[in-house]
Every structure is written in structure tokens, then in C-alpha cells.
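To keep things clear, I will list the structure first and then write my remarks on it.
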Amino acid sequence: MKHFLDITNETCPMTFVKVKLQLAKMDAGEQLEVLLNKGEPLENVPRSCEEQGYKVLSNEPTDHGKHLILVEK
């Protein structure tokens, strides 16, 4: 199952907090698409996910300076 989370209105450190809370609700093997802004969120969220043991499967730019990452629990 794939979940979606838009954190473009959040600032660090709340960006990763929101992602971590969503991942905690999910089952192993499920995926979370996260829409985030470039800059600090793009630098911190994927790195923090990997540090917590999650797999970052993709990191793609979208329109208007945003990025879409795919994280597997």
C-alpha cells in the first residue's frame, strides 16, 4: 500500500517529525510518498529516514521547486 504526505507547509524539524509519525502508523513494506520543499527539508528528511532504518527508494524533482521522495518502511 502506498501512502502520501505533503509537508511543504512545515519547517524543520517538524518536517521529519511528521514523516516519522506517518511511518509509525504503517506496516513493514508499505511505501510513503512525501512531497517536500528543496533546501533544508530535502537535505534532512531523506537522510533522517535512512538513519532511522527506512529505505529511500526515489527522490525526484517536481514543479515549483518541490521534490517527491518515496520511502519504504
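The values are calculated or read from the model by the stated rules, or taken from the named source; none is laboratory data. Values in this document were obtained by computation on a predicted structure and should not be read as measured data. Cβ coordinates were reconstructed from backbone atoms using ideal geometry, including for glycine residues, and neighbour counts include every protein chain displayed. Keep in mind that these areas ignore ligands, DNA and RNA; they rest on the heavy atoms of the full protein, side chains included. Shrake-Rupley method; radii C 1.70, N 1.55, O 1.52, S 1.80 Å.
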Residue list for the range 19-29, filter: in contact with a Lys or Arg (Cβ under 9 Å, 6 or more places away or on another chain) and open to solvent by less than 30 Å² (accessible area, probe 1.4 Å): Leu23, Met26
Take the residues in the range 46-70 that are among the basic types (Lys, Arg) and either farther than 17 Å from Asp27 by Cα or in contact (Cβ under 8 Å) with a residue 24 or more places away in the chain (or both), then tell me which one is least open to solvent (accessible area, probe 1.4 Å). Lys66
Just for the range 16-46: of the residues that are of a type in the set (D, E, K, R) and within 10 Å of the chain's Cα centre (by Cα), which one is nearest to His67 (Cα to Cα)? Glu33
From the options Glu60, Glu43, Glu33, residue that is within 14 Å of Leu5 (Cα to Cα) and either assigned to a helix (DSSP H, G or I) or of a type outside the set (Gly, Ala, Ser) (or both): Glu33
How many residues are part of a helix (DSSP H, G or I) and in contact (Cβ under 8 Å) with a residue 24 or more places away in the chain when one looks only at the range 9-30? 5
Name the residues in the range 1-24 that are farther than 14 Å from Leu42 by Cα, at pLDDT below 95 and not charged (D, E, K, R), would you? Met1
